[in-house]
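Engineer: Can you read through this structure? Questions will come right after.
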Amino acid sequence: MNGRPRVAEDVWEGTNLLGVLREHMDLPGSKNACEQGECGSCSVYLDGRLVCACLVLAGQAQGRDIRTVEGLASAGVLHPVQEAFLEAGAVQCGFCTPGLVVATHDLLTRTPQPTTMEIREALAGNICRCTGYAKIIDAVHLAASRMRP
Amino acid sequence: MDFLQPATWTEALAMKAAHPDALPIAGGTDVMVEINFDRQRPPAFLDLTRIAELSGWGLDDGMLRVGAGVTYARLIGELGDRLPGLAMASRTVGSPQIRNRGTVGGNLGSASPAGDAHPPLLASRAIVELASTAGTRRLPAHEFFLGPKRNAMRKDELIRAFLVEPAQGPQQFSKVGTRNAMVIAVCSFALALEPERRRVGTGIGSAAPTPVTAPEAERFIEGVLGEHDMWQKPAPVAESALVRFGELVAAAARPIDDVRGTAAYRRHALAVMARRSFVWAWNEYRGAV
Ligand SMILES: Cc1cc2nc3c(=O)[nH]c(=O)nc-3n(C[C@H](O)[C@H](O)[C@H](O)COP(=O)(O)OP(=O)(O)OC[C@H]3O[C@@H](n4cnc5c(N)ncnc54)[C@H](O)[C@@H]3O)c2cc1C
Ligand code: FES
Ligand code: FES
């Protein structure tokens with residue numbers, strides 16, 4: 001879990017990974033807004049692949065490498081993607097933000113300089129009810145320019 | 001509730017035989033919605049994600065044999081050139097998060113009439129491989145779908161793989177929905193040209209109780225192409241024949257009115273998609289000959 005082994009006790013077999021993160025591991029960054037894979041606010045990495053934590057059965061995650069939004073910032077320093085979201089005004093209520101930050105991180109890892117169309121496609125599974133998305137797309141471009149090697 | 005996690009295929013079949021009511025779970029993108037909303041409470045889960053055999057693919061006597069656990073993202077990345085129709089359909093499934101987890105095995109398991117993998121599997125005459133401790137059997141995809149969310153899999157069986165020929169010619173897939181992502185198809189259509197065999201394959205989604213083919217439309221357009229020796233000397237197909245092809249595809253559907261669209265709209269859209277898909281595929285063939 002974010003680079004170190006963690007044990008969760010008393011997890012019901014029908015619980016999803018999102019519940020394990022939030023209720024058993026004190027990692028409430030990943031949000032629960034739909035529990036049906038529609039909103040992306042629970043996006044995390046499972047063995048390096050972007051997934052909805054609400055659709056992973058707890059036992060399926062056992063022994064796997066999980067990285068959550070909490071695992072992106074290091075030692076109190078925000079990740080450039082997080083910085084860019086703040087600066088571009090891409091955060092309003094903030095509920096969608098953790099999922100979008102992880103999804104953007106995934107996009108920029110695979111496609112360091114995405115076009116606007118590529119951004120829209122990559123973030124199609126992340127819903128925001130506040131911003132209207134324009135500032136989110138600005139934030140992704142900004143993060144891409146900052147992270148340019 | 002039990003959580004069963006077989007490490008091998010043999011172990012999975014033994015567990016399924018011993019616990020026929022255990023619910024298989026692969027990517028979980030259908031199963032977990034049911035569980036999260038308490039619509040299902042199975043006595044046990046049978047997790048298939050640790051079984052290496054299910055997540056591989058390879059050639060089997062000229063056919064591609066693709067493990068039930070191969071995700072849409074991997075299909076697009078690894079098999080997009082050999083299975084272009086299925087890859088096009090896969091690109092329309094959900095979002096990146098869903099494509100990273102969801103599998104064709106799960107799509108077949110759910111057997112939704114709207115499942116996007118089904119029309120391309122039908123159009124390219126795919127075969128579904130089922131197995132139990134009693135043995136393995138292979139069913140043509142069109143015999144696998146029995147009704148809305150009902151398939152031919154027995155309680156002691158699991159889906160091992162699907163088999164399909166690498167594309168023999170151009171393939172197409174179209175889907176109608178309210179957005180470019182995250183939509184259940186209002187209706188969908190897949191087409192596969194097989195120039196060597198002089199055949200045209202079709203698949204219709206979300207417009208009948210199961211995914212279906214349009215055999216009359218196939219025979220009709222094969223007749224048109226054959227009559228004018230067009231596979232040898234490809235020329236544009238007459239507009240009247242294209243319209244007729246679309247009508248026959250629409251006639252093969254048995255759509256209903258529901259929240260996503262009316263039966264009349266679905267028929268209309270199918271006719272349009274069929275005609276366009278054929279023209280796209282045929283132009284690609286003409287360009288390649
Ligand atoms: C937000 C969202 C968007 C979606 N969008 C689309 C879309 O655009 N198009 C589309 O077609 N679908 C869509 N789906 C549905 C789903 O993603 C697909 O049906 C997917 O293919 C299911 O695969 P899975 O591996 O996740 O299946 P699971 O949920 O793990 O399983 C589905 C069913 O198949 C059974 N099963 C799975 N594997 C096997 C096996 N090997 N043998 C026997 N039974 C098995 C399970 O028991 C279950 O009944 C969407 C789902 C969500 C949540
Ligand atoms: S809470 Fe998982 S996608 Fe909405
Ligand atoms: S900022 Fe409120 S949902 Fe996106």
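Laboratory data are not the source of any read-out in this text; all were calculated from the coordinates shown. What you see is a predicted model; the values in this text were computed from it and never measured. Note that we place each Cβ from the backbone using ideal geometry, even for glycine, and neighbour counts take in every protein chain shown.
Engineer: Just the number: Rg to Rh for region B:2-164, Cα atoms, Kirkwood Rh, two decimals. Mind showing how you got there, number by number?
Structural biologist: Working: Rg = 14.7 Å, Rh = 15.8 Å.
Across region B:2-164, the Cα-based Rg/Rh ratio is 0.93.
Engineer: Using Cα pairs under 8 angstrom and six or more residues apart, how large is the relative contact order of chain B, in percent?
Structural biologist: Numbers: 629 pairs, mean separation 45.3, N = 289.
Value for chain B: 16 percent.
Engineer: Can you tell me which of B:ARG137, B:ARG260, B:ARG197 moves the most in a GNM of chain B? Springs connect C-alpha atoms under 10 Å apart.
Structural biologist: Of B:ARG137, B:ARG260, B:ARG197, the Gaussian network model singles out B:ARG197 as fluctuating most.
Engineer: Next question, about the same structure. What list do you get for B:PHE220, B:PHE245 if you sort them by fewest beta carbons within 10 Å?
Structural biologist: Details: B:PHE220 18, B:PHE245 27.
By the 10 Å Cβ count, ascending: B:PHE220, B:PHE245.
Engineer: Between B:LEU146 and B:ALA18, what length in nm is gained on full extension when 0.36 nm per residue of separation is reduced by their alpha carbon distance?
Structural biologist: Working: separation 128, 0.36 × 128 = 46.08 nm, distance 2.54 nm.
Length gained between B:LEU146 and B:ALA18: 43.5 nm.
Engineer: Kirkwood-based Rg over Rh for region B:171-288 (C-alpha set), two decimals?
Structural biologist: Working: Rg = 14.2 Å, Rh = 14.4 Å.
We get a ratio of 0.99 for region B:171-288.
Engineer: Give me the percent of DSSP beta bridges within the protein assembly as shown that run antiparallel, rounded to the nearest 5.
Structural biologist: Here the antiparallel bridges make up roughly 90 percent for the protein assembly as shown.
Engineer: For chain B, what are the DSSP H helices with axial Cα length of 15 Å or more and mean Kyte-Doolittle hydropathy of at least 0.0? Walk me through the intermediate numbers first.
Structural biologist: Working: long enough: B:215-227 (18 Å, -0.29); B:239-252 (20 Å, 0.95); B:263-288 (37 Å, -0.34).
Length and hydropathy pass: B:239-252.
Engineer: Go ahead and set up a Gaussian network model of chain B, Cα springs under 10 Å, then flag whichever of B:PHE37, B:PHE173, B:PHE145 fluctuates most.
Structural biologist: Per the Cα network of chain B with a 10 Å cutoff, B:PHE37 tops the list.
Engineer: Can you sort A:VAL20, B:VAL104 by how many other beta carbons sit within 10 Å, fewest first? Don't skip to the answer; put the middle values down first.
Structural biologist: Values: A:VAL20 24, B:VAL104 32.
Lowest count first: A:VAL20, B:VAL104.
Engineer: Would you compute, from DSSP H runs of 4+ residues alone, the mean residue ellipticity of chain B at 222 nm, taking -39500 (n - 2.57) per run and dividing by the full residue count, rounded to the nearest 500? It would help to have the intermediate numbers written out before the result.
Structural biologist: Details: 11 runs with 106 residues, N = 289.
Rounded to the nearest 500, the figure is -10500 deg cm²/dmol.
Engineer: Quick one, could you list the DSSP H helices from chain A stretching 15 Å or more along their long axis (Cα atoms) with average Kyte-Doolittle hydropathy of 1.6 or above? Intermediate values should be presented prior to the final figure.
Structural biologist: On the way: long enough: A:97-110 (20 Å, 0.45); A:134-147 (20 Å, 0.73).
Counting only whole DSSP H runs, no helix qualifies.
Engineer: Among A:ASN2, B:PHE278, A:GLN62, which residue has its Cα furthest toward the positive end of the charge dipole of the protein assembly as shown, with +1 on Lys/Arg Cβ and -1 on Asp/Glu Cβ?
Structural biologist: Towards the positive end, the residue furthest out is B:PHE278.
Engineer: Measure off 7 Å from each Cα along the Cα-to-Cβ vector at B:ARG219 and A:ALA73, then give the distance between these two points in nanometres to one decimal.
Structural biologist: For the pair B:ARG219/A:ALA73, the computed spacing is 6.8 nm.
Engineer: Would you compute, from DSSP H runs of 4+ residues alone, the mean residue ellipticity of chain A at 222 nm, taking -39500 (n - 2.57) per run and dividing by the full residue count, rounded to the nearest 500? Numbers along the way, then the final one.
Structural biologist: Values: 4 runs with 44 residues, N = 149.
About -9000 deg cm²/dmol.
Engineer: Between their Cα atoms, which of B:LYS149/B:LYS175; A:LYS31/A:LYS135; A:LYS31/B:LYS16 are more than 30 Å away from each other? Show your work: numbers first, answer last.
Structural biologist: Numbers: B:LYS149/B:LYS175 20 Å; A:LYS31/A:LYS135 20 Å; A:LYS31/B:LYS16 35 Å.
Going by Cα-Cα distance, A:LYS31/B:LYS16 fall outside the 30 Å limit.
Engineer: Report the residue, chosen from B:ILE35, B:ILE98, B:ILE51, that carries the largest GNM mean-square fluctuation when chain B is represented by alpha-carbon nodes joined by springs under 10 Å.
Structural biologist: In this elastic network of chain B, the residue with the biggest mean-square fluctuation among B:ILE35, B:ILE98, B:ILE51 is B:ILE35.
Engineer: Obtain the radius of gyration and the Kirkwood radius of the protein assembly as shown from its C-alpha atoms and give Rg over Rh.
Structural biologist: On the way: Rg = 22.9 Å, Rh = 23.0 Å.
That ratio equals 1.00.
Engineer: Right, here's the next one. Provide the net charge surrounding A:ASP106, with neighbours chosen by a C-beta distance below 15 Å and charges set as Lys +1, Arg +1, Asp -1, Glu -1. Intermediate values should be presented prior to the final figure.
Structural biologist: Details: positive: A:ARG49, A:ARG67, A:ARG110, A:ARG120, B:ARG99, B:ARG101; negative: A:ASP47, A:ASP65, A:GLU118, A:GLU121.
Taking every Cβ under 15 Å from that of A:ASP106, the sum is +2.
Engineer: Could you check the spin-label model distance between A:MET117 and A:GLN62? Points 7 Å from the Cα along Cα→Cβ, value in nm.
Structural biologist: The two pseudo-label positions are separated by 4.6 nm.
Engineer: Treat the count of other C-beta atoms within 10 Å as a stand-in for reagent exposure and order A:VAL56, B:VAL249 from fewest to most. Walk me through the numbers before you get to the answer.
Structural biologist: Values: A:VAL56 26, B:VAL249 30.
So the ranking, lowest neighbour count to highest, is A:VAL56, B:VAL249.
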